[in-house]
Amino acid sequence: ALWGDALRRRAFASGVDAILEAAPLGTITAPAVFAGYGIREPELGHDDYAGLDVRGKIVVVRRGTPEGEAWKAAALRGRYDPGDADDRWDAKRETAEALGALALVGLEGDGFAARLAERDAVLTTWWLPADVAKAPIPVVRVSPLAAVALLGTESAAAPAVAARPLPGVTVTLRTTGT
């Protein structure tokens with residue numbers, strides 16, 4: 001990420017700081033854009049993508065839903081923040097993909113790194129669709145430390161962080177099969 005005049009490069013390791021869901025082998029490098037919670041709900045007057053161009057970019061979104069009573073509805077929680085981590089990012093991935101994003105980076109909350117450390121083994125075997133051309137865009141779930149680096153903030157939980165382009169921030173996702 002680039003802040004001011006200082007170029008900073010950070011690498012985050014799968015199984016330590018991040019989990020990359022099943023994806024075809026290869027590399028994706030693109031500018032990053034932060035899309036808040038990554039939610040479009042016209043009925044609630046909410047669109048985190050309003051004014052953002054995400055086509056050909058890697059979209060960074062936070063976990064969960066915005067504050068407020070309307071967001072506590074079971075249907076919205078089930079769609080945007082289900083308890084199962086494997087399903088948590090599906091709706092946000094679909095939205096980003098429909099808008100032309102190349103990948104989605106999901107900012108997990110506190111305790112993510114500890115949950116990774118407690119696991120007996122990080123998922124190392126993936127089953128890919130037979131037709132990888134029809135595979136959904138990849139999702140990478142990252143720790144709060146990675147979130148701070150991507151957003152250039154003091155805290156990953158900073159609620160004042162608005163959806164915005166991330167000038168100078170380029171993300172590279174690499175799957176090698178090893």
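Read the figures in this text as sums done on the coordinates, not as results from a lab. Note that the coordinates shown come from a computational prediction; the quantities given were computed from them, not determined experimentally. Neighbour counts run over all protein chains shown; Cβ positions are idealised from the backbone, glycine included.
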Segment 7-123: relative contact order in percent, alpha carbon pairs under 8 Å with at least 6 residues between: 27 percent
Ordering of 62-70, 136-144 by packing [mean C-beta count within 10 Å, highest first]: 136-144, 62-70
